[in-house]
């Protein structure tokens, strides 16, 4: 069991900086999301949900984007990944998704109301929700490979 986790973590680390898959296509649109809508989204999910709050102009967000993309590729059938672009413009946010080959669902929240409702500040922030919507962990600032792998492992055991 421990060996499989180590192997998964190493694969995640090794591939985090890899180029996006040529088949990857970002979401076609960035629909607006409100705090209530996000609450319903995570509350009705039968899978754990990882929510990443980001902005295209945020350098730490750019650093962690390949890691989150790869985690989604590995765990897409087990965990729902959701991105929320805040304090940004739709064209720049869409360009960010294309640049990093991010294909998991993403939303647009110009004023950052989703982040504020979850008690966060700044970007990036990553929230980890158990199935049914219970907030298990929040990580303010750039998330590293080890922390992401650990939190994902904890979600999968919940």
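Descriptive notes on the structure:
- Shown for 107, 127: other C-beta atoms within 10 Å of each C-beta, ranked fewest to most, produce the order 107, 127.
- As a rough guide to protection, the peptides 67-74, 54-61 ranked by mean Cβ packing within 10 Å, highest first, stand as 67-74, 54-61.
- For the stretch 73-145, the gyration tensor built on C-alpha atoms gives an oblate shape. Its axis ratio a/c (a ≥ b ≥ c) is at least 1.5, and a/b is not larger than b/c.
- Arranged from fewest to most other beta-carbon atoms within 10 Å of their beta carbon, 90, 62 become 90, 62.
- With neighbour counts taken as other beta-carbon atoms within 10 Å, the residues 80, 146, 157 rank, fewest first, as 157, 146, 80.
- Segment residue 29-residue 90, length gained on full extension (0.36 nm per residue, minus Cα span): 21.1 nm
- On the beta carbon distance between residue 121 and residue 37, with R0 = 30 Å, the FRET formula returns roughly 0.90.
- Report note on the peptides 109-115, 134-140: ranked by the mean count of other C-beta atoms within 10 Å, highest first, their order is 109-115, 134-140.
Values in this text are rule-based calculations from the coordinates and carry no lab data. This is a predicted model, so every value here is computed, not measured. Every residue, glycine as well, gets a Cβ built from its backbone with ideal geometry; the counts of neighbours run over all protein chains shown.
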